[in-house]
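> Sharing a structure here in structure tokens format.
The values are calculated or read from the model by the stated rules, or taken from the named source; none is laboratory data. Predicted, not measured: the structure shown is a model, and the values here were computed from it. Here Cβ is always computed from backbone atoms with ideal geometry, including for glycine, and neighbour counts include all displayed protein chains.
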Amino acid sequence: MAEAKSEYVLEVENLTVQLPEGLDRDKAIQNISFNIRPSEIVCVVGESGSGKSVTAQAVMGLLPSELKPVSGRASLEGEDTLAAGKARLRELRGTRMAMIFQEPMTALNPVARVGEQIGEMLEIHTDLPASERRKRAVEIMESVHLPEPERMVDTYPHQLSGGQRQRIMIAIALVLDPALLIADEPTTALDVTTQAQILKLIKEMQERRGTGVLFITHDFGVVAEIADRVVVMQNGCVVEQGLKDGILGSPRHSYTRMLMASVPSMTPPEREPVNGSHAVKTDLLCKRYGRAGWFGGGRVVLAARNVNLHVCKGETMGIVGESGSGKSTVARCIARLIEPTSGSIHLDKTEIATLPESKLREHRRKVQIVFQDPYRSLNPRRTIGSSLIEAPLNYGANKKKAIQDAYELLDLVGLPRDSMDRYPHQFSGGQRQRICIARALMVEPEFLIADEAVSALDVSVQAQVLKLLDTIRVRYNLAILFITHDLRVAAQICDRLVVMQNGIVVEQGPTREVYANPSHDYTRLLLAAAPGGNVDFGAGAASGKQMQITGG
Amino acid sequence: MGLYLLKRLLATIPVMLFVAVFIFLLLRLTPGDPAAMLAGDYATDAQIEEIRQKLGLTEPLLKQFIIWFFNTIQGDLGESFYFKKQVTDLIAARLEPTLSLSIVTILLTVSIAVPMGVIAAYRQGSWTDRLLMGFSALGFSVPVFVIGFALVYVFAIKLDWLPVQGYKRISGGLLPWITYLILPSLALSVIFIAFIARMTRTSVLEVLGEDYIRTARAKGQTESKVLVRHALRNAAVPIVTVIGFAFAILIGGVVVTESVFNIPGLGLLTVEAVLNRDFPAIQAVVLLFSLVYVLINLVIDLTYTLLDPRIRY
């Protein structure tokens, strides 16, 4: 136990963590120093690979065994956690420091009741009997504003929504009132409206309990929303730290400025309306999942209800909405990966909604998809070249010609020609997404679906990929259906926008109009929920001027 | 759930029907005449024909089948040609040794294989892991009868700790019962230990990379509880599947072990029945084995719902 209580909850001093040999750099983090006071939220921002998660894991003593802290201290209320033994660390975890994670879908044990999982914390660290543990679980669930905690305490994680699960995680973390809460991208996997609620909850809990919070994020919107102070990390080093208004208002380091300039603005730019012919048009498109059971026991979900939309040639049309709104369902129907229940889909002049399986082959060529996760959408055992030429060869193209096309597309997406003989793992996320785009273009599609295609990418990379998509749209006069939950991205890339909620199109129109004068309540809700919505990073940082912060 | 159970039970009917037809035809189409076997080496053709008539083997195939089929669904499996007893009685007498052997074997297997697999997964890449997996590879590659004879040689003949062969009924006391079962169960379990330990290791390894394992560690949970409560419970579905299959294979596969250890169970009955072309006995044993197989599969599927709340029928 530390005798002298420090004024800080957490003091990280010159922390360095060694990486195993043979990687692109030898330190995961180098000479990191920062501190957190009680009741203070410190945001650590940076792109993937900046070392922000390693920092958090080092403090918790949860580093994978290949990563070794080699110097420095991490004092939790005066006690160095790096020097603590395994048993002591276990005592500290949960009682004095606790952690919540990015993926609420996977961070909870799927086969244990949520009440048990909260109670486990009490079981490990206290002598409370089972009945008392349950009572405390219900209490903490109530304080994180979960509905009907008495009933929910006996549910399993899969019965709860993403936001509810994250509330359970927060309840687990806070049930023993730790001095330090480490939140590792806790809202990244959530919908905007849920994100806004969880951010509010973290803030509320932290204020009420005086917890110091180490909040890791890549999202400047979230920083603007929640931070007291900001630490910016790049390649394992702290490049800049200070009060939020200082960092956001006048960033000194070029990396910080670049990061902020890459955050897409919430204000859509002026765009020429596209007046091409319709590449795709849906009429009263419906998709129903599930079917009624024998005795009415079946569950039926109407994932798309009477969806009418069209995309013109040379136009990027966005679909925005939360998870479960039906945006991906519509895209999958158009690609005929799934069969629509009713309604019609015209691709150019062909009706494809009812096209039989045998005639789908030609259709598949015309519609191509770029998926969200570039790490999983390329076959890891095939070279980039063989992935690229696979589709054209399937459609009977000449191999020489296909290889020539592949080289040209690699030029177009900005990758070196020798990428052809390399494997996916040798590329970064952004590069892989470029490869996926090139792969989609290989068969000269008429219609491209980008399903959350930039959501998994860092902001700086995101900006480049968005630019690339815009370039190919103009060059091939391509119709693009751009699905996203990110309103900042949608603002920048889409000519027109469709807003979906529960399978219904609630609003559509030119992007600028939708943002300026949203006509539906749900659209207004979405726009208001976008974190840091009142801060225009892109515009402010790019011009190098003082950032304009309006309102709160 | 109730509806599901009903559907599954109804689905066993066509399976059993198919097995019944198949085994009935198979026996009549393979060479070997039960009447000739019963009559012995010095019987005249007339004597054999007489026996054949008595057994009802001179009737047309379809008629034979229909008689057998309707008797069977009424619970009458007929009289054994060779043992001259009701087949139902025969099976009832042989059921206990086989069940004892199978259950003791599966308990032994699970209590050794699962901890082995969990430890190997936790210490992945270490010497412990390599040793355990090496043993498992060995266990996999040695046939049951070799292991059986080796065990008998060492523990029964050389050390004289355990009986060489035979079976004592459980009604005669727990101790003699188990002393007679130890060697055969051990011999039989080796291959299943090898298999289930590997399976456990793989499933646990996969689960150990999951986010909720990290969550459990972040709560300050001890490693042993992380392994059992969080990892093993989530890895249980594939493990239980192979345990169930192992049990089914065991019951069907006791033939060899029962022969080696001379245990008067269903396995030995099968061997004797086949050697003597005892049609009613063979048909009954095969039907029984397939029924057990189908039911074990059903039990496995129902166990899933207990292990994983996300699985509902």
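> At least 2 residues that are farther than 21 Å from A:Met99 by Cα and not basic (Lys, Arg) in each: list the strands (runs of 3 or more DSSP E) lying fully within the range A:1-61 that qualify.
Numbers: elements: A:10-18, A:27-36, A:41-45.
Qualifying strands (runs of 3 or more DSSP E): A:10-18, A:27-36.
> Related question: Checking B:Arg217 against (1) crowded, with 24+ Cβ neighbours inside 10 Å; (2) in contact with a Lys or Arg (Cβ under 9 Å, 6 or more places away or on another chain): exactly one of these is not met. Which one?
Of everything listed in (1) crowded, with 24+ Cβ neighbours inside 10 Å; (2) in contact with a Lys or Arg (Cβ under 9 Å, 6 or more places away or on another chain), B:Arg217 misses just condition (1).
> Moving to a separate point now. Any residue in the range A:420-438 that's under 17 Å from A:Ser455 (Cβ atoms): show its pairings with residues that are β-branched (Val, Ile, Thr) and not in a helix (DSSP H, G or I) at Cβ separation under 8 Å, as long as the two are six or more apart or on different chains.
A:Gln433/A:Val370; A:Gln433/A:Val454; A:Cys436/A:Val370; A:Ile437/A:Val370
> Restricting attention to the range A:390-419, which residues are without any contact (Cβ under 8 Å) to a residue 12 or more places away in the chain and among the β-branched types (Val, Ile, Thr)?
Residues satisfying the conditions do not exist here.
> Determine whether the range A:370-380 contains at least one residue that is within 26 Å of A:Thr484 (Cβ to Cβ), part of a loop (DSSP other than H, G, I, E, B), of a type in the set (Asp, Glu) and within 33 Å of the chain's Cα centre (by Cα).
yes
> Within the range A:129-147, identify whether any single residue is within 13 Å of chain B (Cβ to nearest Cβ) and either within 20 Å of A:Tyr8 (Cα to Cα) or assigned to a helix (DSSP H, G or I) (or both), and answer yes or no.
no
> Read through the list (1) polar (S, T, N, Q); (2) more than 14 Å from chain A (Cβ to nearest Cβ); (3) not in a helix (DSSP H, G or I), then give the number of the only condition that B:Thr241 fails.
The number of the failed condition is (3).
> Considering only residues that are surrounded by fewer than 19 Cβ atoms within 10 Å (Cβ to Cβ) and either assigned by TED's automatic domain parsing to the domain that holds A:Met258 or farther than 30 Å from A:Tyr255 by Cα (or both), which ones fall in the range A:447-481?
A:Val474, A:Arg475, A:Tyr476, A:Asn477
> Going through the range A:64-92 one residue at a time, which ones are assigned to a loop (DSSP other than H, G, I, E, B) and touching a residue at least 24 places away in the same chain (Cβ under 8 Å)? Write out each step before concluding.
Looking only at the range A:64-92, we keep the residues that are assigned to a loop (DSSP other than H, G, I, E, B), and these are A:64-67, A:77-78, A:81-85.
Scanning the range A:64-92 gives A:Glu66, A:Leu67, A:Glu77, A:Gly78, A:Leu82.
> Sticking with this structure for a sec: Quick one: in the range B:177-213, which of the residues that are small (Gly, Ala, Ser) and over 21 Å from B:Leu99 (Cα atoms) is surrounded by the fewest Cβ atoms within 10 Å (Cβ to Cβ)?
To start, the set of residues in the range B:177-213 that are small (Gly, Ala, Ser) comprises B:185, B:187, B:189, B:194, B:197, B:203, B:209.
Okay, now just the ones that are also over 21 Å from B:Leu99 (Cα atoms), so B:194, B:197, B:203, B:209.
Details: B:Ala194: 22, B:Ala197: 27, B:Ser203: 23, B:Gly209: 9.
Checked the range B:177-213; the qualifying residue surrounded by the fewest Cβ atoms within 10 Å (Cβ to Cβ) is B:Gly209.
> Select from the range A:104-115 the residues that are surrounded by fewer than 19 Cβ atoms within 10 Å (Cβ to Cβ) and not aliphatic (A, V, I, L, M) and write down the one among them that is farthest from the other protein chains (Cβ to nearest Cβ).
A:Arg113
> Which count do you get for residues in the range A:54-81 that are out of contact with any Ser or Thr (no Cβ under 9 Å at 6 or more places or on another chain) and either within 11 Å of chain B (Cβ to nearest Cβ) or at pLDDT below 90 (or both)?
Here the count works out to 9.
> Looking only at the range B:146-173, count every residue that is without any contact (Cβ under 8 Å) to a residue 24 or more places away in the chain, of a type in the set (Lys, Arg) and under 18 Å from B:Ser100 (Cβ atoms) and tell me the total.
Count: 1.
> Here's a follow-up. Given (1) part of a helix (DSSP H, G or I); (2) crowded, with 23+ Cβ neighbours inside 10 Å, identify the lone condition not met by A:Lys359.
For A:Lys359, the failing item is (2).
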